[in-house]
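Visitor: This is the structure I want to talk about, given as structure tokens.
Nothing in this text is a laboratory measurement; each read-out follows from the coordinates by a stated rule. Because the structure is a prediction, the values reported are computed rather than measured. Because the Cβ atoms are built from the backbone with ideal geometry, glycine has one as well, and the counts that use them run over all protein chains shown.
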Amino acid sequence: MAAAALPREFGYVAVVVVLYSLLNFWMAAQVIRARKRYKVSYPALYALESENKDAMLFNCIQRGHQNSLELMPLFFVTLLLGGIQHPVLAAALGALYTVSRFFYFRGYSTGIPENRNKLGGFYFLALVGLILCTASLGIRLLIRGVL
């Protein structure tokens, strides 16, 4: 088995991983602030509308972060694998994904769930692009056997 070095441009991919990690920490901080503001204590994941007049607003903030967590493994795997063969393209798609997830969260945090897709909906296109980059790597490895 031949060992292949990562291309220099893979550094862009690593930077995107760090940026998205920082975004995730920021979103978590927003949920913590919302817990205090709307009086939703642990271990409750969501507020009950029958008990909290601000339940919808808190739940939208919580859900915006939760959805980002649910997709994070797929995003990181496709970014890192796709970035091996297509580092600049994968980093650009990863940056689009990260910016889109910021707007997705901000839109969701308004308490109107439909607002999450105004600018946040572009994350899906970025994710599809990363899946295609990863598929391209897989096909290349199967055909050629090396990078």
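Visitor: Enumerate the calculated ³J(HN,Hα) couplings along the stretch 21-30 in order (Karplus 6.51 cos²θ - 1.76 cosθ + 1.60, θ = phi - 60°), each rounded to whole Hz, writing x wherever the residue is Gly or Pro.
Guide: Calculated HN-Hα couplings, in order: 4, 5, 4, 4, 4, 5, 4, 4, 5, 5 Hz.
Visitor: Work out the charge dipole of the stretch 26-147 with +1 on the Cβ of Lys and Arg and -1 on the Cβ of Asp and Glu about the Cα centre, then indicate which of F124, L141, P43 is farthest towards its positive end.
Guide: P43
Visitor: How many nm is it between the label spots at E9 and S21, if each spot is 7 Å from the Cα in line with the beta carbon?
Guide: In this crude spin-label approximation the distance works out to 2.4 nm.
Visitor: On a straight-distance basis, which lysines could pair with K118 in a cross-link, Cα separation under 17 angstrom, same-chain partners fewer than 8 positions away excluded?
Guide: none
Visitor: In addition: Could you run the Karplus curve 6.51 cos²θ - 1.76 cosθ + 1.60 with θ = phi - 60° over the stretch 7-13 and give me ³J(HN,Hα) per residue in whole Hz, x for Gly and Pro?
Guide: 3J(HN,Hα) across the stretch 7-13, in whole Hz: x, 3, 5, 4, x, 4, 4.
Visitor: Taking the number of other C-beta atoms within 10 Å as the exposure measure, put Y12, Y42 in order starting with the fewest.
Guide: Arranged by neighbour count, lowest to highest, Y12, Y42 become Y42, Y12.
Visitor: Please sort by residue number the trypsin sites (Lys or Arg not before Pro) in the stretch 16-69 whose DSSP state is loop and whose Cβ has at most 12 other Cβ atoms within 10 Å.
Guide: Here the sparse-neighbourhood loop sites are K39, K53.
Visitor: Angle check, please: helix 55-85 long axis (alpha carbons) against the longest principal axis of the chain (alpha carbons), in degrees 0 to 90, nearest 10.
Guide: Here the helix axis deviates by roughly 0 degrees.
Visitor: Which of the lysines could a cross-linker bridge to K53, judged by Cα under 23 Å and excluding same-chain residues fewer than eight apart?
Guide: The qualifying lysines are K36, K39.
Visitor: Then there's this: How far apart, in nm, are the 7 Å Cα→Cβ label points at A92 and V77?
Guide: 2.6
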